[in-house]
Amino acid sequence: MPGPVKTEAVVLRSMRYGEADRIIHLYTPHRGRVGAIAKGVRRARSRFGGRLEPFFRLEIELHEGRGELLTVTGAQTLDSHAALRGDARTLDAAARACDAVSRLFETAEAHPGVFNLLCRQLSLLDARAGARDGAGRGGEWAAALAFRLKLLLAAGLAPQLGACASCGEHEHLVGFSGAAGGVVCSACEAGSFALGEDAYSFMVGSLGSGLEEAPGAPDAALSQVERAVAATLEHHAHLRLMPAVARGA
């Protein structure tokens, strides 16, 4: 029903519109992805300041009319994630996380768990901004893939890892098949690609622990995990995401 709406939200994307307005994409806990217009936000004296930029977590007030876009009427900052904005790698990681949520959960269906997961990922990125604690690109890649695996779980697309996705065999799990929806045994490996023990352990560990406890893995294993995530999305969501981290980062 049209009228006022007040909700927490994360700004996924912000685009210029007209002479002074912005169209923003928001992710909310109980209304899913929402599109809204912020009128006059690009004027120097706008009451919204810069808080409608990507990655801000807000308490936002909207007006829902008859059109597809809601109108922003008020916004209070809950977390600006200022630190990640000053670090190119965490800024890029935040953009990829928001893009994955925006594309995989693009409807108005409520997913409070996805909202909380995105907020946690942005908080972790903000805390890690500027720090190079020895984990390097591999640690950042592992964290990004752990986040994507949890998104698959939230979307009902978590790969079958406990037994062969084709025949149910629990032994000799040697490959991964996007079409089958998970790991496959040596008897069913036709059309699959190799999934090593390190990659398998990483996937199991990531799905069974919090984001801040994501396990590490060698780059070769992370490459297999990324391929498994991509194959799952392509076969079951008909979706291709950009790589979890920038190539050569």
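Please treat every number below as a calculation from the coordinates, not as lab data. Just so it is clear, the model here is predicted, and its values are computed rather than measured. Because the Cβ atoms are built from the backbone with ideal geometry, glycine has one as well, and the counts that use them run over all protein chains shown.
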Exercise. Please sort by residue number the trypsin sites (Lys or Arg not before Pro) in segment 62-104 whose DSSP state is loop and whose Cβ has at most 16 other Cβ atoms within 10 Å.
Key: 66
Exercise. State to the nearest 20 debye the size of the charge dipole of the chain about its Cα centre, where the only charges are +1 on K and R beta carbons and -1 on D and E beta carbons.
Key: 1300
Practice problem: List the relative contact order of segment 3-79 as a percent without decimals, with contacts defined as Cα pairs under 8 Å and 6+ residues apart. | Solution: 33
Quiz item: Angle, helix 197-207 long axis vs. longest principal axis of the chain, Cα atoms, 0 to 90°, nearest 10?
Solution: 40
Practice problem: Using only alpha carbon positions, build the gyration tensor of the chain, then give the equivalent ellipsoid semi-axes as the square roots of 5 times its eigenvalues, largest first, whole angstrom. | Solution: 37, 20, 13
Quiz item: If one takes the longest principal axis of the Cα atoms in the chain, at what angle in degrees, from 0 to 90 and to the nearest 10, does the Cα axis of helix 88-104 lie?
Solution: 90
Exercise. Find the relative contact order for the chain and round it to a whole percent, using C-alpha pairs within less than 8 Å whose residues are 6+ positions apart.
Key: 16
Quiz item: What residue among 206, 123, 46 shows peak mean-square fluctuation when the chain is described by a Gaussian network model with Cα springs under 10 Å?
Solution: 46
Exercise. Would you order 177, 186, 14 from fewest to most other beta-carbon atoms within 10 Å of each residue's own beta-carbon?
Key: 186, 14, 177
Quiz prompt | Electrostatic dipole magnitude of segment 132-236 [Cβ: Lys, Arg +1; Asp, Glu -1; Cα centre; debye, to 20] | solution = 260
Quiz prompt | Farthest positive-ward along the chain dipole, Cα basis, beta-carbon charges - from 75, 20, 127 | solution = 20
Practice problem: Could you grab the relative contact order for segment 130-233? Cα pairs under 8 Å, six or more apart, rounded to a whole percent. | Solution: 30
Quiz item: Counting Lys and Arg as +1 and Asp and Glu as -1, each charge on the Cβ, what is the dipole of segment 3-79 about the Cα centre in debye, to the nearest 20?
Solution: 220
Practice problem: Could you tell me whether segment 1-87 comes out rounded, prolate or oblate from its Cα gyration tensor? Rule is a ≥ b ≥ c as square roots of the eigenvalues, rounded for a/c under 1.5, then prolate if a/b exceeds b/c, otherwise oblate. | Solution: oblate
Self-check item: Extreme residue, positive dipole direction of the chain, given options 203, 224, 149 (C-beta unit charges)
Solution: 149
Exercise. Have a look at 191, 175, 67 and tell me which one the Gaussian network model of the chain (Cα, springs below 10 Å) gives the largest fluctuation.
Key: 67
Quiz item: Taking Rh as the Kirkwood radius, which is the inverse of the mean 1/r over Cα pairs, what is the Rg/Rh value for segment 132-236?
Solution: 0.97
